[in-house]
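A short worksheet on the structure shown next.
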Amino acid sequence: MSERRLRKTEVIAGFERLPLNALRVFEAVAARLSFAEAADALHVTPAAVSMQVRTLEEYLGVRLFRRSGRSITLTAEGERLLPGVRRGLSSLQQSMQQLRHDRAGGPLSISTLASFLQKWLLPRLPRFYDRHPHIELSIHTSREPVDFNATDFHAAVRMSAGPSPGLYSEKLMDEWFVPVCSRELLARLGPLRSGADLKRFPLLRSSDEDWKLWLEPRSDVAWQERGTAFDDSLTILAAAEQGQGVALTRWALAAQDLASGRIAQASQRFVPCPLAYYFVCPESYVAMPKVQKLLLWLREMAAEFPRPDGVLAEPSQQTSPEVARPRPPSPSAAKQTPVRPPATMQRARKRRSS
């Protein structure tokens, strides 16, 4: 037998002897420091967990856990082994996930915020399907970070203060806060010009958009939020439309309703949001054709989306070399007019009437 053949045989034999199931059980016990809880998570008996741990300890020739009554702790050898086991299992799981999803066709599973989906993404989806009729989107809404190793998601759009460690992360667009209310309430109470005006407005409360973010720096204005408190951005926007008060909302959520006249802009002052919208996915997924097509399209939609009046555009962001910049919009896309800010629309009407 040749030396090359012998070396290959030895490697395969080594993998065959590797106690992969015992390593998975070891990680489960180390994560919980409990044989019983690990057994519940793995859907096996505590006796089976103990047997797998004992098999691994015999294979390595060292003790991995120190037992004291019902409590257990990792030995020094167990602590040295754990990071490598987790890296290996994670890499194996990600490789298997990539094989399941690495194809041009089939559903493209993405996760995003419910408010962003309803107010910004949903009205634009017909343009995506016009361009990519063979890509089927499966959209899930959540505020939690996506665990790409444990789920079937290909990509996600989240609000974040910066790139997500360990993932391909690209900023799509910035965000701003703007006060909005019904047209009737604005006509009755007048515009909101500064923090001092907050005292005469019924302010709607939201856990996502805090009025303190809109106040001028070092402002000591005494004011009080009144009325019903809401825990999501869509509900507080609906409450403002119904005349229940003034809401602080995000520009991406309110721009279309402001342009259509469903709600009114209660102030000309926009405040930058500390978070921005980011496209995130595993580094290995960004080369998938369907993920690339989604990212290129999202870039184009974000570039078309207007900034608020008076907010200057920042220099274009550097793009990761893995994905090229999109081509110019197709003629059918160019015919569609993006949403324009209300003040811009008013100036255009004045020019047409003059």
**When residues of the range 182-224 are limited to those that are of a type in the set (S, T, Y) and over 20 Å from R250 (Cβ atoms), the one modelled with the highest pLDDT** = S194
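To keep it simple, each residue is scored yes or no on (1) modelled with pLDDT under 60; (2) crowded, with 19+ Cβ neighbours inside 10 Å; (3) within 22 Å of E175 (Cα to Cα); (4) of a type outside the set (V, I, T).
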site: G245; (1), (2), (3), (4): no, yes, no, yes
site: G261; (1), (2), (3), (4): no, no, yes, yes
site: Y278; (1), (2), (3), (4): no, yes, yes, yes
site: R307; (1), (2), (3), (4): no, no, yes, yes
site: A313; (1), (2), (3), (4): yes, no, yes, yes
site: Q318; (1), (2), (3), (4): yes, no, yes, yes
site: A324; (1), (2), (3), (4): yes, no, no, yes
site: A334; (1), (2), (3), (4): yes, no, no, yes
**Request:** List the number of the failed condition for L192; all other conditions in (1) closer than 21 Å to A238 by Cβ; (2) in a loop (DSSP other than H, G, I, E, B); (3) not assigned by TED's automatic domain parsing to the domain that holds Q268 hold.
**Result:** (3)
**Sole residue being at pLDDT 90 or above, in a helix (DSSP H, G or I) and over 22 Å from N149 (Cα atoms), chosen from R80, R5, R24, R66** = R80
**Prompt:** In the range 83-97, which residue that is out of contact with any helix residue (DSSP H, G or I) (no Cβ under 9 Å at 6 or more places or on another chain) and surrounded by 15 or more Cβ atoms within 10 Å (Cβ to Cβ) is modelled with the lowest pLDDT?
**Reply:** Q97
**Message:** Can you say whether E283 is modelled with pLDDT of 50 or more and of a type in the set (D, E), as far as the supplied structure shows?
**Reply:** yes
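One line per residue, one yes/no per condition, for (1) more than 27 Å from L172 (Cα to Cα); (2) in contact with a His (Cβ under 9 Å, 6 or more places away or on another chain); (3) part of a strand (DSSP E or B):
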position	(1), (2), (3)
V29	yes, no, no
R87	yes, no, no
S111	no, yes, yes
P123	no, no, no
F128	no, no, no
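Each row is one residue, and each column tells you yes or no for (1) in contact (Cβ under 8 Å) with a residue 60 or more places away in the chain; (2) surrounded by 13 or more Cβ atoms within 10 Å (Cβ to Cβ); (3) assigned by TED's automatic domain parsing to the domain that holds A114; (4) in contact with a strand residue (DSSP E or B) (Cβ under 9 Å, 6 or more places away or on another chain).
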{"site": "R131", "(1), (2), (3), (4)": "yes, yes, yes, no"}
{"site": "H140", "(1), (2), (3), (4)": "no, yes, yes, yes"}
{"site": "P145", "(1), (2), (3), (4)": "no, yes, yes, yes"}
{"site": "F148", "(1), (2), (3), (4)": "yes, yes, yes, yes"}
{"site": "D152", "(1), (2), (3), (4)": "no, no, yes, yes"}
{"site": "V157", "(1), (2), (3), (4)": "yes, yes, yes, yes"}
{"site": "E170", "(1), (2), (3), (4)": "yes, yes, yes, yes"}
{"site": "C181", "(1), (2), (3), (4)": "yes, yes, no, yes"}
{"site": "A187", "(1), (2), (3), (4)": "no, no, no, yes"}
**Item:** the range 286-296: number of residues that are out of contact with any strand residue (DSSP E or B) (no Cβ under 7 Å at 6 or more places or on another chain) and surrounded by 19 or more Cβ atoms within 10 Å (Cβ to Cβ)
**Value:** 1
**Fill in**
Per the filter on the range 68-79, residues closer than 16 Å to R32 by Cα, surrounded by 11 or more Cβ atoms within 10 Å (Cβ to Cβ) and not hydroxyl-bearing (S, T, Y) are I72, L74, G78, E79
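The values are calculated or read from the model by the stated rules, or taken from the named source; none is laboratory data. For clarity, every value in this text was computed on a predicted model and none was experimentally measured. Counting neighbours? That spans all protein chains shown, and the Cβs are built from the backbone with ideal geometry, glycine included.
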